[in-house]
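Report on the structure given below.
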Amino acid sequence: MSITRKNGPLYLQIKKIIKDRILHGVYPLGTHIPSEPQLEQEFNVSKMTVRNAIQELHQEGYVEKRSGVGTIVTRNTSFSKLSKGKLFTEILVEEGHQIQKRHLKTEWVFHEPDSEMYEKFGEKCLRIERLYLLDGQPYIHYTHYVSPLVDMGGDFGPGELPSLYDRIEESQITLENFRDRFLAAVADEEMAGLLGVNPGTPLLKRLRSSFDGAGTIIEYSIGYYNTELQHYLISYDA
């Protein structure tokens, strides 16, 4: 997989890619991540760059390097100061599932004055469309509308995506509030094709608005879930 210096230090990009794979079950808890030579070859970087990436992951508690054994995944959940609840994808990964992200489209969209999106973001925002696969099967289709305040970096390839929330953090923006709304929906022809279901199949629709501390909307997303494949789960710690 190619990475580029215009998106920041190479070791940090590699660290984020490996972390994302851990959080989405590509490298399950208790298993080995690829060896240093394999990572060097995959990302076409030096041994020191790979070692710096692994050291960052070790410091955050995601991996442990054991002499003669390799680098083992020791944690597969993130930390959020917003809630004691676990992320939905973390619950699925803990249950042994694997989540993959597929990038579909990225484009700037311009809004008509007095429209709902103009009220949210002003003249324009970045529109990101992606598909989540659960154990290889299409499961969730997301459309994200992202404020121009967020620096999303360089071009996106057809493979792995940079984490949206990592990009928000790197843009010196702190999300302080999430607001979710859930609705019942049915698959139209386009959504049926994307999710691999029949037109008219019931879907769960989730609308999410993410705000910074000043109440400015930073991201608005529309998600369609094929709940016939997996129910939407929420887990809270008391």
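Summary of computed values
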read-out	value
Farthest positive-ward along the chain dipole, Cα basis, beta-carbon charges - from Y62, V26, S209	Y62
Accessible area (Å², per residue) of the stretch 85-236, counting only protein heavy atoms and a probe of 1.4 Å	53 Å²
Unit charges on C-beta of K, R, D, E only; dipole of the stretch 85-236, Debye	260 debye
Efficiency of FRET from Cβ geometry, R75 and E119, R₀ 45 Å, rounded to 0.05	0.65
Heavy-atom SASA rank of L233, L10, L149 (probe 1.4 Å, accessible area, largest first)	L149, L233, L10
Computed lengthening from Q38 to E169, 0.36 nm per intervening residue step minus Cα-Cα distance	44.2 nm
Distance between the stretch 32-54 and the stretch 192-209 - C-alpha centres, whole angstrom	38 Å
Carbon + sulfur, % of accessible area of the stretch 5-73 - ligands and nucleic acids excluded, 1.4 Å	50 percent
Gain in span if fully extended, A214 to T143, counting 0.36 nm per residue against the direct Cα distance	23.2 nm
Solvent-accessible area, 1.4 Å probe, carbon plus sulfur percent, for the stretch 85-236	46 percent
Accessible solvent surface per residue of the stretch 5-73, calculated while the other protein chains remain in place, 1.4 angstrom probe, Å²	53 Å²
Percent of Cα pairs exceeding the 19 Å cut-off, where the set is the stretch 162-238	51 percent
Size of charge dipole - the stretch 17-80 - debye, nearest 20, with Cβ of Lys, Arg +1 and Asp, Glu -1, no other charges	120 debye
Relative contact order [Cα under 8 Å, 6+ residues apart], the chain, whole percent	17 percent
Exposed trypsin sites (Lys or Arg not before Pro) absent: longest stretch of the chain, with sites in DSSP loops and at most 12 other Cβ within 10 Å deemed exposed	85-238
Pairwise label distance in nanometres, A185 with L133, each label 7 Å out on the Cα-Cβ vector	2.2 nm
Environment charge at E129 (Cβ cut-off 14 Å; Lys +1, Arg +1, Asp -1, Glu -1)	+2
Three-way shape call for the stretch 5-73 based on the alpha-carbon gyration tensor, with the a/c threshold at 1.5	prolate
Cβ-based charge dipole, the chain, positive-most Cα from L195, L133, V45	V45
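The values are calculated or read from the model by the stated rules, or taken from the named source; none is laboratory data. Computed from a predicted structure; not experimentally measured. All Cβ positions, glycine included, derive from the backbone under ideal geometry; neighbour counts span all protein chains shown. Quick note on the areas: whole protein, heavy atoms, side chains included, nothing else; ligands and nucleic acids left out. Shrake-Rupley method; radii C 1.70, N 1.55, O 1.52, S 1.80 Å.
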